[in-house]
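Every read-out reported here was derived from the displayed coordinates using simple, explicitly stated rules and does not represent laboratory data. Note that the structure is a prediction, hence the values are computed from the model and not measured. Note that each Cβ is placed from the backbone with ideal geometry, even for glycine, and that neighbours are counted across all protein chains shown.
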Amino acid sequence: MARDPRDVVVSYCHFARLVNFLDFVGSTSDFVEHFVNDTLVHGPFWTHLKEAWNKRSHPNIHFCFFEDMKANPKEEILRIQRFLNVDLTESQINGIVHYTSFQEMSKRKYKKAIGSNIVEENPKILNKDGGFFRKGVTGDYKNKLSEEDIQKINEWTKENTRDMEDEFKYKIK
């Protein structure tokens with residue numbers, strides 16, 4: 001699943017502050033600098049994304065966009081159903097849409113990332129900005145990033161998507 005890199009920065013910065021094993025304490029602008037320079041643990045962003053994008057037609061790869069999942073979750077679940085070649089009833093599909101919604105997932109008692117049961121969360125960040133499930137929205141970068149940081153990410157995105165097809169959702173010309 002791909003996501004707007006500006007929103008990825010916001011989400012990843014929150015996560016890096018939330019979990020003690022990453023324990024990021026710098027400013028958001030500092031994090032943006034690390035992100036665009038590929039000096040973070042879970043990177044480099046574009047290398048990873050382009051690898052999946054370039055293999056999106058492979059029969060064992062299902063490529064989707066976070067924004068599409070948010071805009072029309074049922075259609076994306078139907079695409080996954082077709083990809084997996086499974087038959088689901090309308091009731092099952094509606095159940096998947098319901099139980100995988102941000103609203104439902106954020107209600108769950110156990111809200112940590114898979115495999116993070118040994119990870120301690122920073123209580124200051126947890127109480128201020130929320131836990132693993134923060135907001136579940138698209139476009140929050142407009143509220144969290146400075147115009148300078150947005151421009152920096154846009155330029156970085158433009159440079160890194162220059163060789164990608166126009167159908168790629170985040171391409172900046």
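At a 10 angstrom cut-off on C-beta neighbours, averaged per residue, how do the peptides 92-100, 4-12, 65-73 rank from highest to lowest?
Top to bottom by mean Cβ count within 10 Å: 4-12, 65-73, 92-100.
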Interchain or sequence-distant (5+) residues whose placed amide H lies within less than 5 Å of the amide H of ALA2 are CYS64, PHE65, PHE66
Mean Cβ-within-10 Å packing, highest first, puts peptides 51-64, 30-43 in the order 30-43, 51-64
